[in-house]
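Student: I have a structure here, written as structure tokens, and I will follow up with some questions on it.
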Amino acid sequence: MTTQKMSTEFDVIVVGGSYAGLSAATQLARARRRVLVIDAGQRRNRYAQHSHGFLGQDGREAAAIAAEGRAQLLKYPTVQWLEGAAAQATRLARGFRITLTDGRGFDAQALVLATGVVDELPALPGLAERWGMSVFHCPYCHGYELMEGRIGVMAVGPLSMHHALMLPDWGQVTLFLNETFEPDVEQLASMARRGVTIERTAVRRIAGHATVELADGRAIDMAGLFVVSRTHSGSPLAEQLGCEMEEGPTGLFVRTDATKATSVAGVFACGDSARAAGNVAMAVADGAMAGVAAHRLTIFGAQAA
């Protein structure tokens, strides 16, 4: 961490210090912009030990990727890092103010919101405790490591059909309906073509590594389980500023254009809070685009960002 005195005025404030925020801040730092990164320390994948599918980092510890990104970023002298939670975003006559929960305020010409999302899991005993370890949401991130074993999909409704039809490429799939919905004739035919087994008995709990205990007393061992989580933004800042939101399959996310600009001039959003689905590689790409666009805004103004 830099030893310089903490300023209260910056060119750009990046809210969120995970993969998207680190990527955005790095682009800005390399453009010699004065950048403040405010981070509450809540990476979405903090429960997962390893990260997969990110070029050059496949299989590395997720925490190590983030830690190295932060260490590299803080070598740039124009960057300051602040551990804390941003509570309020306010538009100023020129720029924005971010106020922390402790009352401190910081101003900038532009904002990059990389605040991530919070996952809300079904209230099924044993599910949340295994999140990121043997219960997952992204086949591309975790499917290969299940070694073509038995994979369970815990249904939350018709949206779980997406998992059920994708995951046979990674293993032998059982869809546990758990009384959430009944597939129609066409859906049943699609799953039959993909070799998906349907289990209609209610699920009582998840035990062991990924054992599905059913209401009739049966216990079915799985290599891993997949479930669709509901998501909501990890911060209220985008809505406070009036950014337009969009309804995705799992919840609201911030609407952005191709440069990651939101509907509010001078505010950019990247990472999981600004796309319907994502992973580390996509978050890093989004962050790079947001950082470049925010830099252009500091030069040319909102119309050319």
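Student: Can you compute the charge dipole magnitude of the chain about its Cα centre, using +1 on each Lys and Arg Cβ and -1 on each Asp and Glu Cβ, nothing else charged? Give it in debye, rounded to the nearest 20.
Tutor: 1120 debye
Student: Once amide H atoms are placed 1.01 Å from N in the peptide plane, what residues at a sequence separation of 5 or more from Tyr76, or on another chain, have their amide H within under 5 Å of its amide H?
Tutor: Sorted by chain and number, the residues that satisfy this come to none at all.
Student: Then there's this: Scan around Arg205 for amide H atoms under 5 Å from its own, H built in the peptide plane at 1.01 Å from N, and keep only partners 5 or more places away or cross-chain.
Tutor: Glu213
Student: Antiparallel as a % of all DSSP beta bridges within the chain, to the nearest 5?
Tutor: If I count the DSSP bridges inside the chain, around 45 percent turn out antiparallel.
Student: Where the eigenvalues come from the Cα gyration tensor of segment 184-273, what are the semi-axes √(5λ) of the equivalent ellipsoid, largest first, in whole Å?
Tutor: On the way: eigenvalues 320, 62, 25 Å².
Taking √(5λ) for each eigenvalue gives 40, 18, 11 Å, largest first.
Student: So who's got an amide H within less than 5 Å of the one on Phe226, skipping anything under 5 residues away but keeping other chains? H placed 1.01 Å off N, in plane.
Tutor: Amide H to amide H, under 5 Å and 5 or more residues apart or across chains, Phe226 pairs with Phe136, Gly152, Val153, Met154.
Student: Sticking with this one: Would you mind telling me the antiparallel percentage of the DSSP bridges in segment 117-236, rounded to 5?
Tutor: In segment 117-236, DSSP labels about 40 percent of beta bridges as antiparallel.
Student: Tell me the Kirkwood hydrodynamic radius of segment 1-102 in angstroms, computed as one over the mean inverse distance between distinct C-alpha pairs.
Tutor: Hydrodynamic radius (Kirkwood, Cα pairs) of segment 1-102 is 14.5 Å.
Student: Run the numbers for Ser263 and Glu247: contour at 0.36 nm per residue of separation, minus the present Cα-Cα distance, in nm.
Tutor: Value of the extension gain: 4.2 nm.
Student: Can I ask one more? When the Debye formula is applied to the Cα atoms of segment 243-283, each taken as the same point scatterer, what base-10 log of I(q)/I(0) results at q = 0.15, 0.16, 0.22 Å⁻¹?
Tutor: Here log10 of I(q) over I(0) equals -0.31, -0.35, -0.65.
Student: Still on this structure, I have one more. Taking the Cα centre of segment 119-236 as origin and charging only Cβ (+1 Lys, Arg; -1 Asp, Glu), how large is the dipole, in debye to the nearest 20? Walk me through the numbers on the way to the answer.
Tutor: Details: 9 positive and 14 negative charges, 18 e Å.
For segment 119-236, the charge dipole is close to 80 debye.
Student: Related question: Which one of Ala128, Cys138, Val227 is farthest out on the positive end of the charge dipole of segment 122-227, using unit charges on Cβ (Lys, Arg +1; Asp, Glu -1) and the Cα centre as origin?
Tutor: It is Ala128.
Student: Another question about this same structure. Given contacts defined as C-alpha pairs under 8 Å and at least six residues apart, what's the relative contact order of segment 122-227, whole-number percent?
Tutor: Dividing the mean separation by the residue count of segment 122-227 yields 34 percent.
Student: Express the relative contact order of the chain as a whole percentage, based on alpha carbon pairs under 8 Å and six or more residues apart in sequence.
Tutor: Working: 682 pairs, mean separation 66.7, N = 305.
Worked out over the chain, it gives 22 percent.
Student: Where Lys and Arg each count +1 and Asp and Glu each count -1, what net charge lies around Ser134 among other residues with Cβ under 13 Å from its Cβ?
Tutor: -1
Student: Right, here's the next one. Based on the alpha carbons, how large is the Rg to Rh ratio for segment 145-188 when Rh follows Kirkwood?
Tutor: Working: Rg = 10.6 Å, Rh = 10.8 Å.
On the Cα set of segment 145-188, Rg over Rh gives 0.98.
Student: How high is the relative contact order of segment 50-131? Use alpha-carbon pairs under 8 Å, at least six apart in sequence, and give a whole percent. Don't jump to the answer; show the numbers that get you there.
Tutor: On the way: 62 pairs, mean separation 10.2, N = 82.
Across segment 50-131, relative contact order equals 12 percent.
Student: Does anyone have the angle between helix 62-73 and the longest principal axis of the chain? Alpha-carbon axes, 0 to 90°, nearest 10?
Tutor: The helix 62-73 is inclined about 10 degrees to the chain.
Student: Quantify how much of the Cα-Cα distance distribution of segment 122-227 extends past 21 Å, in percent.
Tutor: More than 21 Å apart: 26 percent of the Cα pairs in segment 122-227.
Student: With θ set to phi - 60° and the Karplus curve 6.51 cos²θ - 1.76 cosθ + 1.60, what are the ³J(HN,Hα) couplings of segment 130-141 in order, to the nearest whole Hz, using x for Gly and Pro?
Tutor: Ordered by residue, 3J(HN,Hα) equals 10, 4, x, 10, 9, 10, 9, 10, 10, x, 5, 7 Hz.
Student: Average the reciprocal distances over every distinct pair of alpha-carbons in the chain, invert the result, and give the Kirkwood radius in Å.
Tutor: 20.5 Å
Student: Specify the angular offset, from 0 to 90 degrees and rounded to the nearest 10, of the alpha carbon long axis of helix 280-300 from the longest principal axis of the alpha carbons in the chain.
Tutor: It is inclined by approximately 20 degrees.
Where a number appears in this text, it was derived from the coordinates with a stated rule and is not lab data. For clarity, every value in this text was computed on a predicted model and none was experimentally measured. No Cβ is skipped: glycine too gets one built from the backbone with ideal geometry, and neighbour counts run over all protein chains shown.
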